[in-house]
Structures are given as C-alpha cells and as structure tokens.
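Quick note: the coordinates plus some simple rules give every number you see, no bench work behind them. These figures come from a predicted structure and were not determined experimentally. FYI the Cβ positions are ideal-geometry reconstructions off the backbone, even for glycines, and counts take in every protein chain you see.
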Amino acid sequence: MNATESDILVEVNDLKMHFPVLRGLLKRQVASVQAVDGVSFKIRRGETLGLVGESGCGKTTTGRCVLRLYDPTSGQIVFDGHDITHLKKQQIRPIRREISLIFQDPFSSLDPRQTAGQIVGEPMKIHKLTQNDSEYQDTLAELFKTVGLDPAMLDRVPHEFSGGQRQRIGIARALASQPSLIVCDEPISALDVSIQAQIINLLQELQEGNEGLTYLFIAHDLSVVRHISDRVAVMYLGRIVELTEAVNLFDNPKHPYTRALLSAVPIADPVFEESREWIPLEGEVPSPLNPPSGCTFHPRCQFVMEKCKKISPVLKETEPGHEVACHLVK
C-alpha cells in the first residue's frame, strides 16, 4: 500500500547512532558501539509499526532517537513534515508534546514521591494544556477513566498500585499531552502474562478511539507484535533486515533471521507444531563494538554464501510492500 506524503507521520532515513568508547585519564575514544547502523522506515498516521529483534539489536536506541532523547550520529528524522534531527533543546520542546513514551518498567518509571495524579498531570502543566484547576482536575479524572482506573485513586502513590495499574498510569501520562505518536518501549515485558493481554487490548482500544494515534511498538515477543501491529520491521545488530505487513511477515517470511525467529514461537496446535520446520540459530549475537563484515547475520546463517561475508545486502523491495536485506532473496 503506497502512502502519500500527508499520510506519513514519521520518516527515518539512514539513521545511525554510534556511542563512543572512551578509555584512559584523558578519555580518548578508542572505538565506537554501532547501536543503530543505517535504519530507514516510515510510519503512517494511525498505524502501528512493530520493531522486533533480539536484545541488543538497537530497537530501544532507535525509539529514543525518534524521541530525540539521543542526538543521532547521522541520518534524518522527519516528524509530521518537519526535520527534527538537529533541533536544539528549545526548538524541540513543542515537538515533545506530540511524541510520548511508554516505558518498559512500570516499577522504576514512576516517581515514588509523587501521587498518581501528579505523575499523569505533569505533561499537562509543562505544556499548559488546561486553563484552570477545575479543567485540570476534570481532565485528570477523564484520563484515569480512559485507561481503566478509578479517579478516586488519583491521590495514591505508586507503591499502592499493582504492576498492571502502574503501567496504566504510565499510559495515561503518555496520553496527557495529546500526542500524535507514542513510542511503546516493550511496555508489557515486565508484567505478568495475565496482565499483558489487558494492556495490549487497552492500547488497541485507545487507537480505535483516536484515528490519528500512531504507535512505534518495540518488542521482542513476536506473538504480541503480530496481535497489535499493522506492519513489522525486524532488526538485527543495528539494521532492519525485513519490513512488511504483519500478516505477510508471519505467512511469508523471507529473511533467514526472520524465519528462525518465527520457528521458535510456540503454537498451540500440537499437530502443526510437530510438522513445522525448526530453524536453529547458532551462536550469540555479535558485538556491535566489532560487527562482522558483509551481512552481519552471516556467522549465524545456515544459508551463508561467500558473497555474504564481504558485501552488506541493501534493504530492497522484493514485492509490493515487502522489503528484505538478503543476497538470497531476489
């Protein structure tokens, strides 16, 4: 599906984020960690783009660059038609209202000294979104109801809430600034399995009730990503290796890494589980401090060719809406 320029909310072009490694008394740079190494993608208004991969592949760093919590080493980030890549602190402030973050850990992301109402209301005060105290209190109560919490809990402190309730507070805080984009950084990985589905369903309901609300959903659990995402980008060692519609990714994965990840996802049907192919992943993810030459996946790929060891494959469209970075895929 081709999107017009007005449909695109976020456009990331050749994004790189390298962290310097400093040593000695003079803190000289001796190397760099290539956390994100040439990532490009677009997110349409009102859609959810899932960003998946193993731990340490650069998912969270990519999200934090989009939020402009990090200054990218190079590349371009365009939000709602505006290049925000190199905006200074004061220039980025109005954009911050439009982009929110749901943190991974609901236990450490809430200030224990503040009440739930103060935590959720802080973005409204910073961005001056209410005219008076009455409107402020009404909006707080409405936000609590929206995320499934009783407004009577506004004066409680974080330790009085369960993990799932704390994450609902985090979601309410993200919604408080009326954003266009919410970066969800593994928002359910720290929660009990019984609570995870509730939070995913809440995020979907919020999006259905607000057509313009857009998610960048970062996760390592492919079954969760399948449930919530419209499109999925698979990352490996700082690069996107496959990007397509969620349904297409699960029905027709093309990159060997994607196929290996999907083969490890358990399926409830024992007959199908018995008959499907299991693709083992050999070894560990290489260090981004010293990534392999050529295709970074080649040391773990069972289909490796000599070409893979020398030439890095480019992410290219192999069929409409399906991009793959692999020498095997034509």
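Exposure proxy ranking for MET124, MET235, MET305, based on other Cβ atoms within 10 angstrom of each Cβ and starting from the fewest, stands as MET305, MET124, MET235. Place a point 7 Å from the Cα of HIS82 along the Cα-to-Cβ direction; which residues of region 107-133 have their backbone N under 18 Å from it? Inside the label zone: 124, 126-129.
Annotation: lysines with alpha-carbon distance below 30 angstrom to LYS309 (same-chain offsets under eight excluded): LYS16, LYS42, LYS59, LYS254, LYS330. Database remark: amide H of LEU9 closer than 5 angstrom to the amide H of ILE43, ARG44, ARG45 (H placed geometrically; neighbours at sequence offset of 5 or more, or on other chains; Pro and chain starts carry no H).
Using 0.36 nm per residue, how much length does the chain from GLN114 to ASN132 gain when fully extended, once their Cα-Cα distance is taken away? Don't skip to the end; give the middle numbers.
Values: separation 18, 0.36 × 18 = 6.48 nm, distance 2.07 nm.
That works out to 4.4 nm of additional length.
Label sites at SER223 and GLU284, each approximated as a point 7 angstrom past Cα along Cα to Cβ, lie 2.7 nm apart. Note on LYS27 and ARG259: the model spin-label points, each 7 Å out from Cα along the C-beta direction, lie 4.8 nm apart.
Multiplying the residue separation of SER293 and LYS330 by 0.36 nm and removing their Cα-Cα distance gives an extension gain of 11.2 nm.
I want the local charge near GLY294. Using Cβ-Cβ distances under 15 Å, sum +1 for each Lys or Arg and -1 for each Asp or Glu among the other residues.
Details: positive: ARG239, ARG300, LYS307, LYS309, LYS310; negative: ASP37, GLU306.
Cβ neighbours under 15 Å give a net charge of +3.
How big, on average over all directions, is the shadow cast by the Cα convex hull of the chain, in nm²?
Values: hull surface 79.2 nm².
Averaged projected area of the chain's Cα convex hull equals 19.8 nm².
Of the trypsin sites (Lys or Arg not before Pro) in region 1-77, the ones in a loop by DSSP (not H, G, I, E or B) with at most 11 other beta carbons within 10 Å are LYS27. Residue by residue, region 12-25 carries 3J(HN,Hα) couplings of 10, 10, 6, 6, 10, 9, 10, 9, x, 9, 10, 9, x, 5 Hz when phi is fed to the Karplus relation 6.51 cos²θ - 1.76 cosθ + 1.60 (θ = phi - 60°); x denotes Gly or Pro. Maximal additional length on extending the ILE8-ALA152 stretch stands at 47.9 nm, based on 0.36 nm per residue less the C-alpha distance.
Amide H contacts under 5 Å for TYR70: CYS65, restricted to partners 5 or more places along the chain or on a different chain, H placed in the peptide plane at 1.01 Å from N. Per residue, the average separation of C-alpha pairs within less than 8 Å and at least 6 apart gives the chain a relative contact order of 20 percent.
For region 1-110, the Stokes-Einstein estimate of translational diffusion at 4 °C and a viscosity of 1.567 mPa s comes to 83 µm²/s, using the Kirkwood hydrodynamic radius over alpha-carbon pairs. Label region 75-203 by shape, choosing from rounded, prolate and oblate, from the square roots a ≥ b ≥ c of the eigenvalues of the Cα gyration tensor; if a/c is under 1.5 it is rounded, and otherwise prolate applies when a/b is larger than b/c, oblate when it is not. Verdict is oblate for region 75-203.
Put simply, the amide H of SER32, placed in the peptide plane, has neighbours under 5 Å in VAL21, leaving out anything fewer than 5 places away on its chain.
Rounded to whole Å, the principal axis extents of the Cα atoms in region 206-259 read 38, 24, 17, largest first. Translational diffusion coefficient of region 195-330 (Stokes-Einstein, Kirkwood radius from Cα pairs, 4 °C, 1.567 mPa s): 78 µm²/s. Two tests apply to each whole DSSP H helix in the chain, Cα reach of 15 Å or more along its axis and mean Kyte-Doolittle hydropathy of at least -1.0, and the ones passing both are 116-126, 133-146, 163-176, 193-209.
If you look at the Cα atoms of region 151-213, you get an Rg and a Dmax of 12.2, 34 Å. Taking Cα centre as origin and charging only the Cβ of basic (Lys, Arg, +1) and acidic (Asp, Glu, -1) residues, the dipole magnitude of region 64-185 rounds to 340 debye.
Can you classify region 115-189 as rounded, prolate or oblate using the Cα gyration tensor, where a ≥ b ≥ c are the square roots of its eigenvalues, rounded means a/c under 1.5, and otherwise it's prolate if a/b beats b/c and oblate if not? Since a/c reaches 1.5 but b/c is at least a/b, the shape of region 115-189 is classed as oblate.
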